[in-house]
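Below is one structure, written out as structure tokens, with a few remarks after it.
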Amino acid sequence: MAKKNRLKDLSFGQRIYITEILKGLRLTLKNMFLPKFTMQYPEVKFDPPASYRGRPVLAMEENGQERCVACGLCSRVCPALAIEVQAAETENEKERYPVKFEINMLRCIFCGFCEEVCPEEAILMSKDYELAFTNRADAIYGKDKLLTPVSKLQDRINFVRQFK
Amino acid sequence: MPKLIIDGKEIEFNPGQTVIQAAKENGIDIPHFCWHPSLSISGNCRVCLVEIEKMPKLVISCSTPATEGMVVQTQSEKVVAARNAVMEFFLINHPLDCPICDEAGECKLQDYAYQHSVGESRFTEEKNHKEKRVELGPNVMFDGERCISCSRCIRFCDEIAGKKELTFIKRGDRVTITTFPGKKLENPYSINVTDICPVGALTNRDFRFKSRVWEMAPTKTICSGCARGCNIDVWTRNNEILRLTPRFNNDVNSYWMCDNGRLNTFKHINANDRVNGPHIRKEGELIKVGWDEAYAKTLSELKSFAKDEIAVLTSASLTVEDAYLVSKFVRSINVKNFDFVKNIVPGSGDAILIQEDKTTNAKGVELMGVDSSKGGLKFDEIISHIESGRIKAVVLIEQDLIGLNSAFEKALAKLDFLVALATNFDTTTSLANVVFPASTYAEKNGTWINFQGRIQRIRPAVTTIEMERSLDGMSLSRWDKFGTDFDSWGKSQKNDARPTWKIISGLANAFGTKYKFTMAEEIFNEIAHTNPLFSGLDYDVIGERGVQLKTETMQIPPLAGQKKVKI
Amino acid sequence: MGILELIIVSLIKIIVIAVVMLLTVSYLVYFERKIAAWAQNRIGPNRVGPAGIFQPFADVLKLLLKEDIVPTAANKYMHTLAPMIALFVAFSTFAVLPIGPSFTAFGKVFSFVVADVNIGILYVLALTSVGVYAITFSGWSSGSKYSLLGGIRSSAQMISYEISMGFSVAGVILLAESLRPIAIVNAQSGWMWNIVLQPIGFITFLVSAFAETNRLPFDLPEAEPELVGGYHTEYSSMKFAAFFLSEYANMIISSALIVTLYLGGWQIPYLEMLKLPAGWVVTLQVVAFILKLIFIMFFFIWVRWSIPRFRYDQLMNIGWKVMFPLSLLNLLWVAILAMIL
Ligand code: SF4
Ligand code: SF4
Ligand code: SF4
Ligand code: SF4
């Protein structure tokens, strides 16, 4: 029976490391002189593609009303317990709406589960990645910061429809 | 006992039972909407179809009597297909509404749609539209589109509440529920229909849209509305009680509770007027002080009165443990004017659940020796002595006397010194010199003995500052489990309140008597050891359903281990 | 030289060296980050000052302003003592390493070394061994499992590699017939650099030096994926900075040691053939030393960003089964060489 050649059967040259180490060193040295990919952040801003998961936002219809019906599914599915929803009754056809909708951005891990579970396409991952706070209270985003016009989210909505 | 075979399993049944009853008793769940164990059989939902050998067609298990040697299939191909078909029919006109519907999470239709439905509809036409948001009565809201016409609510009103208030109108797919002309759904048990409605068609107007069911943590406890002591679940979220629901106990309340108990017995617990920390009246104002200061003040004031100038009055809703320690303490300081306050509203009871006695533990308080048997004055005499100025100081335990009857205001105003153990600020505390914050029934462990002589446990559902949900073994929602102090749901209001027995042992300590109890359970164990009526009982034995005491046949011994202390 | 003069000259040297060391260390960190970035096609720090050259000061400032956290389970004294030992060891080692030849100025002979000790090499070996205490103490006194494991690992690792290091050095000493660093350098005049004469010794010493400084690929004491931060997990603020600085200072010392022992110190081959004035020679030689030093330091960083970490068993295997025999072999070879020369 012929001996099977396995990945860990190294040749002598490989076994004394030195040549392999030199190869590695050559590679990194070469890379030091190759062009750089860094984006100069505050001056040049990254415009993420539709698949990007920035902070979750709530979709707002043209009439200024949120799509969310406060079903609480996003809050339940959120693995980080970032979302808190308080429902209340409205006169609209969909009789339920969120009086309070808060996402704690310190808890959110940008997994996108909330977006995936939402039956109303109401919560969507935006392209906003600029999140910095100086205290805990600032990190809790209420409806004022979350509501975003649908027109601005069209990109993501198309993406979600295609792949969900 | 006769036997039948369900899904290959041989089970015994009582003659006269139907197949679904026999199955349920043996832990086999046959899906059903319209059948309810304590309502009559209607047989209109057709979900409980089963296959029975030697019967040509599938039959509904809810109305087929079980017979000896019957062979029933609940999972055969034919049954599954029929069940799918029935579910598809239900879902033709039922709106796809779960995100908005309040029932979601405890909805039978939702559950069965997951378990017994194919998940696809072949119905492409517009769904039926019916009336939504109909106020059937003061407490119940109806949504016609969600109704699946099971008739449970109608049967409940007819058979349990004994008031014919609801009925079907119209035919076919337009059938809907309404009240009889000129009537409303306003019987004292009306909200029970929201519990038995298998879908979200009937909702409790008090609870609508307050919370998702999975966000709350249920605690098994007892209703504090009257001497019946209905078994209930208290549902809390963020340390706040949002609703009460009845819990099945065949010996007490079956599946039901009254609307008054459901709506009016919990709102004070999270109210803003809770007594938060001990208060002392200084220059006419109640000022929050530390516990030690309040104890010291009470001690020094009470010492300045002769013993027969002092009276202790308790509510009849104390727990057995509270009452035991109160009476032990009162005997130890040799105060004889000692009684509990009855709260009986004649004519308010009925033959269903509601009792005339509005207190929860009159029997227990009596058994624990809260009485004037040591030669003191009874309640009425105490009041008249207060009025005549012969009693000058009163310790009032968990009893809003003036709220009970405003006539008592005159008497209490005459007192030189009034100590109140109270849960909320009320008209009585506005006359008190010292107010101790007492925990409500939803913040402590304990037992109550109902009018039948049944001892039942209450459990804490809301935390005070000295409690911690997980450490105290309280029920936890996901938010309670994983939240931190930095989350908004961790910042809910917690009051500085203590159960009465704890306040009393603090007071006793100031008087120089040490009680070494750290938990209500230890007090109960002492009672169980010293009082033959309670022998063999502990919290585990009482369990979730309670235990019937043999009150009539037993002598109640005097309190054990007295130690007399001079004031 | 009078005793006073000696003290003053030495003090000046110490201050100069200390300042230079601190600056070098800070900039070493800066270059480490830059080189890492380049190797990964990034730019690296470029915000503080032009091309980020003030980054080290920003770092120091940040570290200074951080809260100093001492864990409740820690042994307070040991916890504070450990970073001090680390820093002390790192800085005092440099005292015996010459960076240039002696020269005469103002009628006096000056040497580019703080203390020209005749057992200099022993001194270095002894001090680096003391460095183990810093790490072991910090690991033990933190009262944290990660720190403890890091500390234990490092003591095992350092002790293992010190042996091959010692034997490699023995080869050098054998040829130079002295323990004095200056004598060792002088013995490597022309092309008689030890790297040429005893390449195996050079390799074993180099590898051991990596292991001694806890640098990748041998940074097991602080292997982040397994041990969070290793022995300095529980350190913050300036105490952490002390460890950080000492790690880089150790790197400089190791590099200087390599240059001294194997790369001929300040020696430039065939320099004497140019017949330059003495001042020029000294300057060129110092520059040569510094260039060699920079190259070795670059090499340290370069290796770090090229080679992944060894497993612990591999580390021990290499130490005992490869490096130790190789250094013995080297010793044998040098002995033969010494007989021939
Ligand atoms: S899942 Fe969607 S509809 Fe439901 S509460 Fe969240 S955002 Fe609102
Ligand atoms: S993205 Fe994930 S973590 Fe963030 S809010 Fe949504 S579900 Fe929660
Ligand atoms: S009644 Fe049940 S199935 Fe219907 S919408 Fe409500 S939760 Fe969904
Ligand atoms: S309202 Fe509910 S209980 Fe009444 S018939 Fe409709 S589904 Fe049944």
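Could you list, in sequence order, all residues of segment A:79-108 that are touching a Pro at 6+ places or on another chain (Cβ under 9 Å), surrounded by 19 or more Cβ atoms within 10 Å (Cβ to Cβ), more than 15 Å from A:LYS143 (Cα to Cα) and facing chain B (nearest Cβ under 9 Å)?
A:ARG96 - this is the single residue of segment A:79-108 that is touching a Pro at 6+ places or on another chain (Cβ under 9 Å), surrounded by 19 or more Cβ atoms within 10 Å (Cβ to Cβ), more than 15 Å from A:LYS143 (Cα to Cα) and facing chain B (nearest Cβ under 9 Å).
Of the residues that make up segment B:230-238, is at least one aromatic (Phe, Trp, Tyr) and within 16 Å of ligand 3 (Cβ to nearest atom)?
no
Pull up segment B:112-161, narrow it to residues that are outside any loop (DSSP other than H, G, I, E, B) and of a type in the set (Ser, Thr, Tyr), then point me to the one that is farthest from ligand 4 (Cβ to nearest atom).
The qualifying residue farthest from ligand 4 (Cβ to nearest atom) is B:TYR114.
Name every residue in segment B:466-485 that is assigned to a loop (DSSP other than H, G, I, E, B), surrounded by 14 or more Cβ atoms within 10 Å (Cβ to Cβ) and within 11 Å of chain A (Cβ to nearest Cβ), in order of residue number.
Residues satisfying the conditions are B:SER477, B:GLY483.
Report yes if B:CYS45 is assigned to a loop (DSSP other than H, G, I, E, B) and either of a type in the set (Phe, Trp, Tyr) or closer than 30 Å to B:GLN17 by Cβ (or both), otherwise no.
Yes; evaluated as a whole, the condition is true for this residue.
Go through segment B:99-140 residue by residue and tally those that are within 14 Å of another protein chain (Cβ to nearest Cβ), more than 13 Å from ligand 3 (Cβ to nearest atom) and either in contact (Cβ under 8 Å) with a residue 60 or more places away in the chain or among the aliphatic types (A, V, I, L, M) (or both).
So the count comes out to 2.
Go through (1) surrounded by fewer than 16 Cβ atoms within 10 Å (Cβ to Cβ); (2) in contact with an Asp or Glu (Cβ under 7 Å, 6 or more places away or on another chain) and name the single condition C:ARG47 misses.
Condition (2) is where C:ARG47 drops out.
Please go through (1) within 14 Å of another protein chain (Cβ to nearest Cβ); (2) in contact (Cβ under 8 Å) with a residue 60 or more places away in the chain; (3) under 30 Å from B:SER492 (Cα atoms) for A:LEU58 and return the number of the only condition it doesn't satisfy.
(1)
Can you name the number of the only condition in (1) among the hydrophobic types (A, V, I, L, M, F, W, C); (2) farther than 26 Å from B:LEU242 by Cα; (3) within 14 Å of chain A (Cβ to nearest Cβ) that B:ILE504 fails?
It fails just one condition, (3).
Any residue that is within 14 Å of chain A (Cβ to nearest Cβ) and among the small types (Gly, Ala, Ser) - is there at least one of those in segment C:62-78?
no
With away from chain A (no Cβ under 14 Å), touching a residue at least 12 places away in the same chain (Cβ under 8 Å) and either crowded, with 22+ Cβ neighbours inside 10 Å or within 16 Å of ligand 1 (Cβ to nearest atom) (or both) as the only criterion, which of B:ILE154, B:ILE191 stands out?
Only one candidate qualifies: B:ILE191.
Report yes if some residue within segment A:60-67 is over 16 Å from A:ASP144 (Cα atoms) and either exposed (fewer than 15 other Cβ atoms within 10 Å of the Cβ) or away from ligand 1 (no atom under 16 Å from the Cβ) (or both); otherwise report no.
The answer is no; no qualifying residue exists.
If I ask for residues that are without any contact (Cβ under 8 Å) to a residue 60 or more places away in the chain and either β-branched (Val, Ile, Thr) or in contact with a Ser or Thr (Cβ under 7 Å, 6 or more places away or on another chain) (or both), which ones from segment C:137-164 would you list?
Matches in segment C:137-164: C:ILE152, C:SER155, C:ILE159, C:GLU162.
Within segment B:88-98, can one find any residue that is farther than 23 Å from B:THR203 by Cβ and either more than 16 Å from ligand 2 (Cβ to nearest atom) or out of contact with any Asp or Glu (no Cβ under 8 Å at 6 or more places or on another chain) (or both)?
yes
Scanning segment B:164-176 for residues that are hydrophobic (A, V, I, L, M, F, W, C) and over 24 Å from B:ARG262 (Cα atoms), which turns out farthest from ligand 4 (Cβ to nearest atom)?
B:ILE169
Only residues that are without any contact (Cβ under 8 Å) to a residue 40 or more places away in the chain, basic (Lys, Arg) and surrounded by 17 or more Cβ atoms within 10 Å (Cβ to Cβ): list them for segment C:6-44, please.
C:ARG33, C:LYS34
Mind listing just one residue for me: the one in segment B:186-203 that is in a loop (DSSP other than H, G, I, E, B) and farther than 14 Å from B:CYS258 by Cβ and, of those, nearest to ligand 2 (Cβ to nearest atom)?
B:GLY200
Which residues, taken from segment B:177-198, are over 25 Å from B:GLY105 (Cβ atoms) and over 22 Å from the mean Cα position of the chain (by Cα)?
Listed by number, the residues that qualify are B:THR178, B:THR179, B:PHE180, B:PRO181, B:GLY182, B:LYS183, B:LYS184.
Would you mind finding the one in B:GLU77, B:GLU135 that is over 16 Å from B:PHE33 (Cα atoms), surrounded by fewer than 19 Cβ atoms within 10 Å (Cβ to Cβ), at pLDDT below 95 and assigned by TED's automatic domain parsing to the domain that holds B:SER211?
B:GLU135
B:SER224 passes all but one of (1) assigned to a loop (DSSP other than H, G, I, E, B); (2) assigned by TED's automatic domain parsing to the domain that holds B:PRO346; (3) closer than 23 Å to B:LYS444 by Cα; which number fails?
If we test B:SER224 against (1) assigned to a loop (DSSP other than H, G, I, E, B); (2) assigned by TED's automatic domain parsing to the domain that holds B:PRO346; (3) closer than 23 Å to B:LYS444 by Cα, just (2) comes out false.
The values are calculated or read from the model by the stated rules, or taken from the named source; none is laboratory data. None of the values given here were measured: they were computed from a predicted structure. Reconstructed Cβ throughout: ideal geometry from the backbone, glycine too, with neighbour counts over all protein chains shown.
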